[in-house]
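Right, one structure below, let's go through it.
Values quoted throughout were computed directly from the atomic coordinates according to the rules given, and no laboratory measurement underlies them. Remember, it's a predicted structure, so these values are computed and weren't measured experimentally. Neighbour counts run over all protein chains shown; Cβ positions are idealised from the backbone, glycine included.
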Amino acid sequence: MLKTVHIAALASLLVLTACGADPAPEPVEQIIVREPGAAPVATAADDPDSALLAEGKAAFANCSACHTLEQGAANGAGPNLFGIVGKAAGSVTGFGYSDALKASGITWTAAELDSYIADPAAKIPGTTMVAGAIADQGKRQAVIAYIESVSAN
Ligand code: HEC
């Protein structure tokens with residue numbers, strides 16, 4: 001019984017983390033059933049990586065109105081972000097970028113993404129990304145980790 005609940009929760013967490021198809025933030029819930037003397041059950045909160053990715057998936061709600069994340073998905077108001085870490089800015093095929101972003105010369109590292117998401121217009125004056133900034137640094141780190149994890153699949 002204990003094992004079943006844990007494995008089901010873990011499996012759904014992995015599916016949520018891996019596919020990223022649903023733009024709505026999904027609450028990650030686990031029902032923990034402890035039996036006397038049973039070994040402690042690992043939860044998302046105990047595992048820093050999965051907790052970070054769950055937070056990042058939720059924070060991607062700030063982006064998903066304009067950006068898809070799955071490989072090969074269509075561009076929206078913003079470009080598809082699959083595999084964005086390591087790419088040159090302005091290089092997603094078929095997206096009409098601002099001249100400012102195309103001329104930025106940026107290669108997207110986690111640090112470059114962090115400062116762009118914190119304040120796009122300060123980072124690249126003239127960018128047409130006019131919403132979606134995240135002020136909270138922890139949330140930015142989580143969303144970047146999530147974007148990287150989806151791209152790595
Ligand atoms: C209101 C729509 C909108 C939202 C919300 C939004 N973006 Fe954007 N984003 C854009 C647009 C438009 C561009 C293209 C900007 C340009 O060409 O100057 C862009 C560009 C980008 C780029 C550069 C991509 C490239 O190919 O160089 C990254 C990275 C990015 N957004 C990440 C994010 C993240 C992460 C979030 C959420 C935290 C987010 N955006 C939220 C509209 C949005």
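Can you pull out every residue in segment 68-106 that is touching a residue at least 40 places away in the same chain (Cβ under 8 Å) and either buried (at least 19 other Cβ atoms within 10 Å of the Cβ) or of a type in the set (Val, Ile, Thr) (or both)?
The answer is 69, 78, 81, 82, 84, 85.
Does segment 120-139 contain at least one residue that is part of a helix (DSSP H, G or I), within 13 Å of the chain's Cα centre (by Cα), closer than 29 Å to residue 47 by Cβ and more than 9 Å from the ligand (Cβ to nearest atom)?
yes
Run residue 143 past the list (1) closer than 19 Å to residue 66 by Cβ; (2) part of a loop (DSSP other than H, G, I, E, B) and report the number of the one that doesn't hold.
(2)
What do you reckon, is residue 106 within 10 Å of the ligand (Cβ to nearest atom) and over 14 Å from residue 150 (Cβ atoms)?
Here the answer is yes, as residue 106 does meet what is asked.
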